[in-house]
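Only the coordinates and a few stated rules stand behind these numbers; no lab work does. Here the structure is a predicted model, which means the values were calculated and not measured. A quick note on method: Cβ atoms are made from the backbone with ideal geometry, for glycine too, and the neighbour counts reach across all protein chains shown.
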Amino acid sequence: MADRPVPVVEKLLRDVKLGELATWLGGRDITPNGIIDSLRRARDAYYHKYFYVRKGGIGGLSMLLVGYVAISYIWQFEHIKKDRWRKYH
């Protein structure tokens, strides 16, 4: 059994062939409310993918901690460099 054919207007942009692009663009809602709705859907998809995860792990917290340590070191590098112990001959 084959899947039912999907109308061009309902396809995602990544699934549209180059010849179908004009038809796909003609089916878009380009009013201000349509643009706001599409931006809202994109934002919701982003948040659901990266922020509202079901199985959170230690990975996100560890990346945040490593980033904080790296930025702190970069900010303090000049101060740390001047405090080195040098042996003068």
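At-a-glance table
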{"quantity": "In the stretch 15-50, residue farthest from residue 5 (Cα to Cα) [restricted to those that are of a type in the set (Ser, Thr, Tyr) and more than 22 Å from the chain's Cα centre (by Cα)]", "calculated": "31"}
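Okay, residues lined up against (1) surrounded by 10 or more Cβ atoms within 10 Å (Cβ to Cβ); (2) out of contact with any Phe, Trp or Tyr (no Cβ under 8 Å at 6 or more places or on another chain); (3) assigned to a helix (DSSP H, G or I):
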{"position": "35", "(1), (2), (3)": "yes, yes, yes"}
{"position": "40", "(1), (2), (3)": "yes, yes, yes"}
{"position": "44", "(1), (2), (3)": "yes, yes, yes"}
{"position": "55", "(1), (2), (3)": "no, yes, no"}
{"position": "62", "(1), (2), (3)": "yes, yes, yes"}
{"position": "65", "(1), (2), (3)": "yes, yes, yes"}
{"position": "68", "(1), (2), (3)": "yes, yes, yes"}
{"position": "73", "(1), (2), (3)": "yes, yes, yes"}
{"position": "78", "(1), (2), (3)": "no, yes, yes"}
